[in-house]
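Input: one structure, supplied below.
The values are calculated or read from the model by the stated rules, or taken from the named source; none is laboratory data. On a predicted model such as this, the values are computed, not experimentally measured, just so you know. Counting neighbours? That spans all protein chains shown, and the Cβs are built from the backbone with ideal geometry, glycine included. For accessibility, only protein heavy atoms count, side chains too; no ligands or nucleic acids. Shrake-Rupley method; radii C 1.70, N 1.55, O 1.52, S 1.80 Å.
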Amino acid sequence: MKIVVLSGGVGGARFLRGLRSAAAGSELTAIVNVGDDMWLTGLRICPDLDSIMYTLAGVNDEQRGWGRVGESERVSGELREYGVGWPWFTLGDLDLGTHIARTHYLRSGIPLSEATARLASRWDLGVRLLPATDDEAETQVVLADGGSLHFQEWWTRHRAALPTRAFVYPVGSSKPAPGVLEAIVSAHVILIAPSNPVVSIAPILAIPGIRDALSAARAPIVGVSPIISGAVVRGMADACLTAIGVATAADAIALHYGARSRGGLIDAWLVDETDAALTSAIEAAGIRASAVPLWMRDLPSSAALATAALAAAK
Ligand code: GDP
Ligand code: CA
């Protein structure tokens, strides 16, 4: 079976780790957000691709929730002494190795999709990682005062606390990366990971061609709520949802994505057991809804969630 997952970073990575275990023998492809990417002191940083790569490789820092386990920050310390660097964005030494290798490939004219495949080939990930696009389309945040800044600066430096009017995905004429549309067309099941709808999933959908391919896909599209009992599980997705006028609630996100039969994105939606009362409103909007445990505490709970998502596709 061919399974395609639209994914952001940490939430998507945990989901993919469960799916890999639940769907052994299936061909898994992740279409990954690159709206968070940026250039920092000459290096190309792709946080969501790297979160997934490290998690599936088993070299991620579970405790901290991001980056490499056993990480050190000697290089960042040196750069600080020189007055060069990124005081608001932590880059560990092992992580910098990834960015240097990726930048080396990009500088040699290799597109991001191929650079990603080369980095990933070091490990046995069991999931094909595809950036949504090879083009640079970095999410911008428009502030209430009219100014704008890069999503990473808003999120990491300002902790998503600046009053915000809108998110802009400057996709221009960017194209889906090679393999993305083919994966969507040939998929048997398409899953939307419990990722941030505004800054992880929306930037993927904004790439010209991807939404149309999803609308036309023969595979059922099942989404998983990143919101449980009216709260984010990790991170600050509530700040993003509030900024675009969507309530931090599992039903509100389902309605925001919309039923595919009515011009939206999804055919089915999973909410947490504690949100079971919300399923009737979701069903009324034309989306099949089921309530299952959504907490990905460990591998078994993540695998059970993936199994439930596959069952909802039937
Ligand atoms: P990011 O790019 O690193 O921010 O990661 P994602 O966009 O992939 O995922 C962030 C979202 O994952 C947040 O909105 C969290 O609420 C959600 N999330 C994190 N852990 C869990 C979990 O165990 N279960 C569910 N359902 N959602 C989760
Ligand atoms: Ca991200």
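Please give the per residue accessible area of the chain, computed with a probe of 1.4 Å over protein heavy atoms only, in Å².
Accessible surface, normalised per residue, equals 41 Å².
Before anything else, pin down the relative contact order of region 90-160: Cα pairs under 8 Å, at least 6 apart, normalised by residue count, whole percent.
Values: 41 pairs, mean separation 12.8, N = 71.
Averaging sequence separation for qualifying contacts and normalising by length gives 18 percent for region 90-160.
When you have a sec, figure out the Kirkwood radius of region 72-221 from all distinct Cα pair distances and drop it here in Å to one decimal? Provide the component values of the computation, followed by the final result.
Numbers: mean 1/r = 0.0561 Å⁻¹.
It works out to 17.8 Å.
While we're looking at this one, here's another question. Could you tally the net charge around LYS2, taking each other residue with its Cβ under 13 Å from the Cβ of LYS2, Lys/Arg +1 and Asp/Glu -1? Mind showing how you got there, number by number?
Values: positive: ARG128, ARG218; negative: GLU27, GLU182.
Taking every other residue near LYS2 into account, the sum is 0.
With a Förster radius of 30 Å, plug the Cβ-Cβ distance of GLU273 and ALA161 into 1/(1 + (r/R0)^6) and report the FRET value to the nearest 0.05. Mind dumping the intermediate values first?
Values: r = 32 Å, r/R0 = 1.06.
It comes out at approximately 0.40.
Can you pull the percent of region 167-239's accessible area that's carbon plus sulfur, 1.4 Å probe, other chains left in place? The partial results should precede the final answer.
Working: 1470 of 2480 Å².
On region 167-239, the fraction of accessible area on carbon and sulfur atoms equals 59 percent.
Want the number for HIS188 to ALA144: 0.36 nm per residue separation, take away the alpha-carbon distance, what's left?
Values: separation 44, 0.36 × 44 = 15.84 nm, distance 4.24 nm.
Contour length minus Cα-Cα distance gives 11.6 nm.
Need one word for region 157-272: rounded, prolate or oblate. Basis is the Cα gyration tensor (sqrt eigenvalues a ≥ b ≥ c); a/c below 1.5 gives rounded, then a/b vs b/c decides.
On the way: a/c = 2.13, a/b = 1.34, b/c = 1.59.
It comes out oblate by the Cα gyration axes.
What residue among GLY264, ALA249, ALA183 has its Cα farthest toward the positive end of the dipole of region 143-297, where the charges are +1 on Lys, Arg and -1 on Asp, Glu, each on the Cβ?
Of the options given, the answer is ALA183.
Let me have the relative contact order for region 121-192, percent, based on Cα pairs under 8 Å that are six or more residues apart.
Averaging sequence separation for qualifying contacts and normalising by length gives 37 percent for region 121-192.
Would you mind pulling out the separation of the Cα centroids of region 9-60 and region 123-182, in Å?
For region 9-60 versus region 123-182, the Cα centre distance is 15 Å.
Stretch MET236-LEU299 to full length: gain in nm at 0.36 nm per residue minus the Cα-Cα span?
Length gained, MET236 through LEU299: 20.3 nm.
Next question, about the same structure. If I model a spin label at GLU136 and MET1 as a point 7 Å from the Cα along the Cα→Cβ vector, what separation in nanometres do I get?
Output for this residue pair reads 4.0 nm.
Non-local amide H neighbours of LEU143 (under 5 Å, H modeled in plane, Pro and chain starts lacking H): which ones?
SER148, LEU149, ARG165
If you don't mind, another one. Scattering from the C-alpha atoms of the chain alone, worked out with Debye: what is log10 I(q)/I(0) at q = 0.10, 0.11, 0.14 1/Å?
So the normalised log intensities are -0.53, -0.64, -1.08.
If you roll a 1.4 angstrom probe over the protein chains with everything in place, what fraction of the accessible area of region 60-121 belongs to carbon and sulfur, to the nearest %? Intermediate values should be presented prior to the final figure.
Numbers: 1900 of 3630 Å².
C and S atoms contribute 52 percent here.
Another one. For the chain, what's the relative contact order in percent, using C-alpha pairs closer than 8 Å and at least 6 residues apart? Could the numbers behind the result be given before it?
Working: 653 pairs, mean separation 61.6, N = 314.
Relative CO of the chain lands at 20 percent.
With a cap of 12 neighbouring Cβ atoms within 10 Å, and only residues DSSP puts in a loop, list the chymotrypsin sites (Phe, Trp or Tyr not before Pro) found in region 1-92. Mind showing how you got there, number by number?
On the way: sites: PHE15, TRP39, TYR54, TRP66, TYR82, TRP88, PHE89; in loops: TRP66, TRP88, PHE89.
Answer by residue number: TRP88.
As a check on your grasp of the helix formula, calculate [θ] at 222 nm for the chain: sum -39500 (n - 2.57) over DSSP H runs of n ≥ 4, divide by the residue count, round to the nearest 500.
Working: 12 runs with 110 residues, N = 314.
Computed ellipticity for the chain at 222 nm equals -10000 deg cm²/dmol.
Hey, another quick one. Quick one: length gained pulling THR41 to SER280 fully straight, 0.36 nm per residue minus the C-alpha distance? Numbers along the way, then the final one.
Values: separation 239, 0.36 × 239 = 86.04 nm, distance 5.02 nm.
Additional length available on full extension: 81.0 nm.
Let me ask something additional. Place a +1 charge on the Cβ of each Lys and Arg in region 163-286 and a -1 charge on the Cβ of each Asp and Glu, then give the dipole magnitude about the Cα centre in debye, rounded to the nearest 20. Write out the running numbers ahead of the final one.
On the way: 7 positive and 9 negative charges, 94 e Å.
Computed about the Cα centre, the dipole is about 460 debye.
While we're on this one: How much of the DSSP bridge set in the chain is antiparallel, in percent, rounded to the nearest 5? Walk me through the numbers before you get to the answer.
Values: 14 of 40 bridges.
Antiparallel bridges: around 35 percent, rounded to the nearest 5.
Further question on the same structure: Of the beta bridges DSSP finds with both residues in region 1-121, what % are antiparallel, to the nearest 5?
40
Shifting gears a bit: Using a 10 angstrom cutoff on alpha carbons, build the Gaussian network for the chain and name the most mobile of ALA24, ALA243, ALA268.
ALA24
For a quick check, take a GNM of the chain with Cα springs below 10 Å and name the residue from ALA219, ALA144, ALA237 with the largest mean-square fluctuation.
Greatest mean-square fluctuation among the candidates belongs to ALA144.
Can you list residues whose amide H is under 5 Å from GLY67's amide H, if they're 5+ apart or on another chain and H is modeled 1.01 Å from N?
Correct list: ASP61.
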